Amino acid sequence: MPSTSPTAPQLDPQWEVPTHVAIIMDGNGRWARARNLPRLAGHRAGTENLRRVIRACVEFGIRYLTIYAFSTENWARPKEEVEGLMEIMEEFIDKELDELDEEGVQIRHLGRLDGIRPSLKAKIRESVERTQHNQRLVLNVAFNYGGRDEIVQAVRKIVREGIPPEQITEETIEAHLYTAGMPDPDLVIRTSGEIRTSNFLLWQAAYAEWYFTPVFWPDFGREHLLEAIADYNRRERRFGRVLDPDE
Ligand code: FPP
């Protein structure tokens, strides 16, 4: 993995680096439109950018990166865009899996496998299996993912397991989500100026800090991630409590 130039802005050693960063990679279409390119060119540029951001996460010591790559609602997009996104995802795995594995990235899939074409499904399974013991960075790829659907699936599993209602706690729900065993996201970033959650990590992001930036995803680089981490460090996380009751 190439190191950054010595003049690139660096992490402040005083900062707390968020353990888990989640990103809604938005604005690929508008990035492409601004250049008179087809929307898929925007998704390709967004995929190229993903490599840069994964590298920056490894460099900064972020332990979990969750990316929203394809939502359960995205099936409603024009057929050629959906097909193109499936193709891009397959190409991404073909091109990047070896290097991600070498770099110690553990790939996890959040979402449903049903509905995904067999060739891609097999590649997702292979990526998850091959990298399962890697420890440097957990890369959660939310693909065919919806936050409400995730909760519905969790409830179904709980009911199937016959857990009595009075024994169901928040921990029970958490243990049945795709993210079971992982820390909740500390920081959720959405690019492209849109300010909404769009069914992403509805349960897990309950106490996350949200960071919105007008930058389109293909342009969101290492320096933007650094700025998001700086902003995160200016927040006071209270988790619903009062920090100093005398203030
Ligand atoms: C949102 O931009 C982006 C998506 C729906 C797809 C994100 C996918 C990628 C970056 C590439 C595939 C992912 C992997 C893991 C290889 P938009 O199309 O909604 O943009 P717009 O709002 O400007 O139209």
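Structural remarks
- Amide hydrogen proximity for His109: with H placed 1.01 Å from N in the peptide plane, the residues at 5 or more positions away or on another chain lying under 5 Å are Val141.
- Near Trp210, the amide H atoms lying under 5 Å from its own belong to Val188; only residues 5 or more places off or on other chains count, and H is placed 1.01 Å from N.
- In sequence order, region 195-211 has phi-based couplings of 10, 7, 8, 6, 6, 9, 6, 4, 6, 5, 8, 3, 10, 6, 8, 9, 10 Hz under the Karplus curve 6.51 cos²θ - 1.76 cosθ + 1.60, θ = phi - 60°, and Gly or Pro positions carry x.
- Whole-number D in µm² s⁻¹ for the chain, Kirkwood Cα-pair radius fed into Stokes-Einstein, 10 °C, 1.306 mPa s: 83 µm²/s
- Extension gain, Asp94 to Arg235: 0.36 nm times the residue separation minus the Cα-Cα distance gives 46.9 nm.
- Taken as Cα centroids, region 173-247 and region 88-137 sit 24 Å apart, rounded to the nearest whole angstrom.
- Nearest-20 debye value, region 169-209 charge dipole, Cβ charges on Lys, Arg, Asp, Glu: 240 debye
- Net dipole in debye of region 7-111 [+1 Lys, Arg Cβ; -1 Asp, Glu Cβ; about Cα centre; nearest 20]: 560 debye
- Residues whose amide H lies under 5 Å from that of Ser71, counting only those 5 or more places away or on a different chain, are Asn144, Tyr145; hydrogens are built 1.01 Å from N in the peptide plane.
- Reduced Cα scattering model of region 57-142, Debye log10 I(q)/I(0), q = 0.19 Å⁻¹: -0.86
- With only Cα atoms counted, region 1-106 has Rg and Dmax values of 15.7, 48 Å.
- Rounded to the nearest 20 debye, dipole of the chain from Cβ charges on Lys, Arg, Asp, Glu: 740 debye
- In this rough spin-label picture, where each label sits 7 Å from Cα along the Cβ direction, the His133-Ser198 distance is 3.7 nm.
- Loop-located trypsin sites (Lys or Arg not before Pro) in region 1-72 whose Cβ has at most 15 other Cβ within 10 Å (DSSP): Arg35
- Projecting the Cα atoms of Ile88, Phe220, Ala206 onto the dipole axis of the chain, where Lys and Arg carry +1 and Asp and Glu carry -1 at the beta carbon, places Ile88 farthest toward the positive end.
- Residue-averaged 222 nm ellipticity for the chain, from DSSP H runs of 4+ at -39500 (n - 2.57), nearest 500: -12500 deg cm²/dmol
- Positive minus negative residues near Gln10 (Lys, Arg vs Asp, Glu; Cβ under 13 Å): -3
- Residue-span extension gain [Ile163 to Glu223] - 0.36 nm each, minus C-alpha spacing: 16.9 nm
- By average C-beta atoms within 10 angstrom, highest first, the peptides 128-135, 143-150: 143-150, 128-135
- Packing rank of 75-86, 16-27, 189-200, where each peptide gets the mean count of other beta carbons within 10 Å, highest leading: 16-27, 189-200, 75-86
Values quoted throughout were computed directly from the atomic coordinates according to the rules given, and no laboratory measurement underlies them. Just so we're clear, the structure is a prediction, and the values are computed from it rather than from any experiment. All Cβ positions, even for glycine, are placed from backbone atoms using ideal geometry, and neighbour counts span all protein chains on display.
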